[in-house]
1. Give me the one-decimal nm value for the distance between modelled label points at A:Arg355 and A:Glu471, 7 Å along each residue's Cα-to-Cβ direction.
2. Of the options B:Phe644, B:Val295, B:Leu168, report the single residue whose Cα projects farthest towards the positive end of the charge dipole of chain B (beta-carbon charges: Lys, Arg +1; Asp, Glu -1).
3. Within 10 Å of each Cβ of B:195-207, how many other protein chain Cβ atoms are there on average?
4. Give the angle, between 0 and 90 degrees and rounded to the nearest 10, that separates the Cα long axis of helix B:185-198 from the longest principal axis of the Cα atoms of chain B.
5. Note the angle between two axes, namely the Cα long axis of helix B:273-289 and the longest principal axis of the Cα atoms of chain B, as a number of degrees from 0 to 90, rounded to the nearest 10.
6. Along the charge dipole of chain B, Cβ charges K/R +1 and D/E -1, which of B:Leu892, B:Thr874, B:Ser65 sits furthest on the positive end?
7. Which residues among the range B:721-749 fall inside the zone where the amide N is under 14 Å from a point 7 Å beyond the Cα of B:Ser783, along Cα→Cβ?
8. Using the alpha-carbon centroid of each, what span in Å lies between the range B:306-373 and the range B:583-650?
Amino acid sequence: MGRCLGGSDTLFGLDARKRNFRFSISFHGSCICALLTAYLFYKTESAESRPVTKIFLRCAWFTMVVLAASIVTKSGKVLVSRQFVEMSRIRIEGLLAAFPKLVGTGKQHTFVETENVRYVYQPIEALYLLLVTNKQSNILEDLDTLRLLSKLVPEYSPSLDEEGVCKMAFELIFAFDEAISLGNKENLTVAQVKQYCEMESHEERLHKLVMQNKINETKDIMKRKASEIDKSKIEKNRGDKGGLMALSGPRRIESSFNDMSISNSGSGFGSGSGIGLSSDVESFSIKPKGRPSASATAPSKGLGMKLGKTQKTNQFLESLKAEGEVILEDVQPNVAQSKSSLPSTDPVTLTIEERLNVVIRRDGALNNFDIQGTLSLQILNQEDGFVQLQIENQDVPGLSFKTHPNINKELFNSKHIVGLKDPNRPFPAGQNDVGLMKWRIQGMDEASLPLTVNCWPSVSGGETYVNIEYEASESFDLQNVVISIPLPALREPPSIRQIDGEWKYDSRNSTLDWSILLIDHANRSGSMEFVVPPADSSVFFPIAVRFTAASTYSDVKVANVIPLRDNAPPKYTQRIQLIADTYQVV
Amino acid sequence: MEKSCSMLIHFDKGSPAMANEIKEALEGNDVEAKIDALKKAIMLLLNGESLPQLFITIVRYVLPSEDHTVQKLLLLYLEIIDKTDARGRVLPEMILICQNLRNNLQHPNEYIRGVTLRFLCRLSEPEILEPLIPSVLTNLEHRHPFIRRHAILAIAAIYRLPTGEQLLPDAPVLVEKVLSSEQDLSARRNAFLMLASCAQLPAVAYLLSQADHVANWGDLLQMAALDLIRKVCRSNSGEKGKYIKIIISLLSCPSEAVVYECACTLVSLSSAPTAIRAAANTYCQLLQSQSDNNVKLIVLERLNELKTSHKEIMVEMIMDVLRALSSPNLDIKRKTLDIALELITSRNIDEVVLTLKKEVVKTQSTELEKNGEYRQMLVQAIHSCAIKFPQVASTVVHLLMDFLGDSNVASAIDVVLFVREIIETNPKLRVSVITRLLDTFYQIRAARVCSCALWIIGEYCLSLSEVESGIVTIKQCLGDIPFYTATEEGETADASKKLQQVSSVTVSSKRPVVLADGTYATQSAASETAFSAPTVLPGSLASPGNLRALILSGDFFVGAVVASTLTKLVLRLEEVQPSKTEANRACTDALLIMTSMLQLGKSSFLPHPIDNDSYDRIVLCIRLLCNTGDDVRKIWLQSCRQSFAAMLAEKQFREIEEIKAKAQISYAQPDDLIDFYHLKSRKGMSQLELEDEVQDDLKRATGEFMKDGDDANKLNRILQLTGFSDPVYAEAYVTVHHYDIVLDVTVINRTKETLQNLCLELATMGDLKLVDRPQNYTLAPESSKQIRANIKVSSTETGVIFGNIVYETSNVHERTVVVLNDIHIDIMDYISPATCADVTFKNMWAEFEWENKVAVNTILQDEKEFLNHIIKSTNMKCLTPPSALDGECGFLAANLYAKSVFGEDALVNISLEKQADGKLSGYIRIRSKTQGIALSLGDKITLKQKGGSN
């Protein structure tokens, strides 16, 4: 809450950076732009009144737009009209009033053109649904839009007459807004528009649920805290000073609060103000060194984008094929250049993943060491589905495979080939990964751990020195290693004495993230030392580690894709990844 | 510039919600009531109330609401309220909504974020937008495409503001980044459009770097790309070459909308034959593949445009165009034929005519209800082909003659007119046509067709055998003579009585008909089919000849035509028949026929006797046959044909003149001045203006761009509203746009006192509506004020605007009223001369309900002078050709036609006769579909017809 208010100070204040006016001419460095801008300036000068230029700027978006979507009665009464470009009231009323006079009877086409505009309409019982467009507008698009609108109107209006439409006028305007985005066509279906208008958001529900939970939790904690305060008062009365332990309670509250704000992605939650803990939270506001870690959207965004990307390229590919070779050949010369922007996609994609679940004790003993692997397959075109996969793997003790029920088990056991039981059926094609096989490796010992972390907190003087070191095994090159060390509640970020790699302090979760981009033979071991105010050594656990690697324990690989039909083997790519799912030192 | 209006909602004034009721509901906790109240508030605002007290209530009680509908309605409310004061500064309280908007932009619900971003696109106050920009930018990276789409739109809208470049200096860079990583089609389109309009260079670079993939872009993005290409090429035509390849690759795109757009772009960019051919081909394919009539018509319109600009290429496409004839829609067929007819050359004429013939045959085989009309169109098309290229006439005329007996009278008439013209202009075909006509004559049913065919027989039967067979054919068709015998009288008396009753019904529907020359004629509405008389008559049973049926039904006009045809044939027979006895026999036969017709006409058998006109003509024929002379012979056998030939020649001459006149219109003179866009109305176009031409299309559509008339004319339209000695002097300058009238009223305070609450109150009569409520002003001593009032017009009608100026002075607390002069809105502002075909005119004349008959009362003495006077004062066009008005005969009949801007037709017929005392008398009849035009045009004519002084 406090953060939110603090933010609004800069919101309305004069931000010096924004006052740094720059001309777009120098900014773009482009002569066309300069010319245009100069021309606009010239226009501004020569125009009698400024607003004209403004309007010119704002509606000259696109040369083909829908000016308005309206419903009028056959007698010419305007029931609802939504304009998508700026136009004066007298103008739109005039256009709509002229319309019923222009509509002839007994015609089999449903558009009328005047000197300036085109009306595309559709009679709906005693009403006309009509689009007013400019004459350059693309009739095919407009008809599509009109078709969509004509399906939408009965969805919202209980009866297709004057009364019904007037009653639901606002709902219709909302629907029109979705179907035509500021005059431009959108490729939507009725169901999508309805969904957009209903505004049922999964995220909001989730958000509300989380909020409710947090509120309940906080209430509980409040009660507990109240009783603790009561207790401590009694203890104080006794002259006993046990405040340190009592503090651990509130800290948890704060961290949970900060969690909440993350999922909220920074929106000030108004209803939380009633809890009355704002002063506590304030003390944890972002320190200059600590980067705002509120970008919880960033990782999720990355994932979403990736998925979208493959879909997109599939569409490209399909339409490419549909259009025949001529265009494909045309594409060739520039492919290398454009490849960077468009990810290449092969018809068959194999994903091999191993996930680690490791819990190590502080003393180095293993609590849990579990590896789970999956092999999944994505096939774009049905034709490419008639394949079998030749699997290779290293013989690791404790490795056991499990195949999907539809996979021919005998074939796999005898020849290490993954194929469907029914050879006449293809693998399912589509956007989704299809899991084919799972495996587990159990009973591994400490020696095979990819990474070990040692943490040595020691109190000396008024401070706690913490030494952390990692050691990576020779067998893997680890990427994006992040070691998160929980810290006691701090006013300032910890002072780092020495570090191999980079660090980041997340004040809200009060964790210190030690990140090493790549661990390979050059840096199989590394260390860090930092200083914090005195704290119990148990505070610094559990340490969570995240990393990925490009090779796996089992070394499962697809050696070959064997086509079942007598065509060339389809091109395939495989992605092999080892991911630390849970990797904790407790 | 007026305030823009983003939505209209019908508001029923019957239940006015009170502001405090709304306020109460808004303050309550009931969400439903809140929604209702908010809706009412928006409706009141849309209807011109201002409700300023509601704003704070809404900020306090509605802003925090979590209900989605409330939030959306709130955005609509914010959209329509005035956010600036009179001087254009943002109201201070608007800062209150910023926080709410910012929260909405960070709302967990993606749709709330989306609609809020969309709302920002409609805002134009940088003061409100500025604090929101960071939130908008974070939305650019949101996971949900719905939000990203709208975030890009919002950024684009902000950047387009006059101060946008300061608010968001790096917008193009951001958007460019988004464009390269974005996957959602709609969002990419929005991003691309933003770049295309704000920073063309990156957009062009992106387009060119992706040139090979454009064919795989989604349709929305492809449209945007085409738009950009057009824009770039207009400003920099040298770069065309780079883009043509992209366009060609898009031509094979699956989306038809894109393909259509491609073709349009090609045409606008290039005039190279290959490009035009490709575009035309695309259009033709669309014409085939699209089933929607709208699309077909618009594509045909595009082809029509191509035809005018690139005729030589379109000539090659004519057969493809003609394929559109397969559509069942008549409008499409008509348009297709219109285009095709102008593309005919000597090379493709045979093919075209072959196709047309096939189509004609098709109409015969399939029975569709519109077939008759379609056949008529085809016949007309073939007709004009045959006039242009006489050699094809021989191949079609026989086929067409099968349709002389067509049940669709209109197409049969077209055929017979065609035959008449061909037989005159194509002497080689005469023999075969005449033989054919005589063979098929018995099939003809319609009276008009019959009389025309008879005329042809009478004029073009030249050789002995032709003349003889002509006479025989007519005789056969007339059946046994006499038509009517006295002995039958008794027997058929009963029948005729019955008939009388039947016909009394039909006779009542007799109505005057305008003939082609504009004169009135009385025609029996009882058509040939209405009468069953022929079947009743015993004489007709043997051979129910068509002529007999017609004559027995009482159509003596046909009788007169038969008589004159026979006369002509007999006269000619006398020339070619060596045997005198044969000629005499034919002569007596003809006389017998004529007398029996007269006898029938005089008998009581028919419900109404022969009309005087026909009677006179038949008698004239009898006299002539009894007493022939060389003069008369010459008139009958030669002059008729000469005058027909003269008529054809005149018609052709007029057509040639029209073509010449069209060809002479020059689009621009080399020494034309360059007009500056904002300084003058647009005629010649410089390079920069060319660039704007397309945007003008949009601007015209939004009503921003109006053609300005001559400044000199403007001054003529100033009306004085009050006297010079009134305390307030007012004059108005009236501008009439299409659907609206703008009154620019200058008000001058002539007193030494300050006038308070000065208000211009206007009221209207007729089909006029005041758009805005008048405002109050305070006028300092001897100062002046410009007040503008908008009035909406919805039909062509003389309207009157009257009003008062009301004000208060400081000493007298009574309101003073100055009554204004009435402002008459002239109907002539709405009427423009137009042309239509004779047939259309006749149809409309018969169809329209309102007639206003004005008796001629003028001091003018000359008929033509009077006609010209009326034409000038009503701003109509005379449809009657000048040649028909030539000569002095003391009579004049003419048709005038005009169209209003609302698409209403106004028809006027003038019939004049010069009295013995030199005065003109007669009537002017006005017909229209609506009462307004008939009345106001009548008033206008009554006012102006006196002539003389004005």
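1. Between A:Arg355 and A:Glu471, the label points sit 3.0 nm apart.
2. B:Phe644
3. Counting Cβ atoms of other protein chains within 10 Å of each residue's Cβ and averaging gives 3.
4. 80 degrees
5. Orientation of helix B:273-289: about 80 degrees from the principal axis.
6. Of B:Leu892, B:Thr874, B:Ser65, it is B:Leu892.
7. Zone members listed by number: B:747-749.
8. Cα centroid of the range B:306-373 versus Cα centroid of the range B:583-650: 43 Å apart.
The values are calculated or read from the model by the stated rules, or taken from the named source; none is laboratory data. None of these values were measured; they are calculated from a predicted model. Positions of Cβ are backbone-derived with ideal geometry, glycine not excepted, and every protein chain shown enters the neighbour counts. Please note that ligands, DNA and RNA were not included when accessible areas were found on the heavy atoms of the full protein model with its side chains. Shrake-Rupley method; radii C 1.70, N 1.55, O 1.52, S 1.80 Å.
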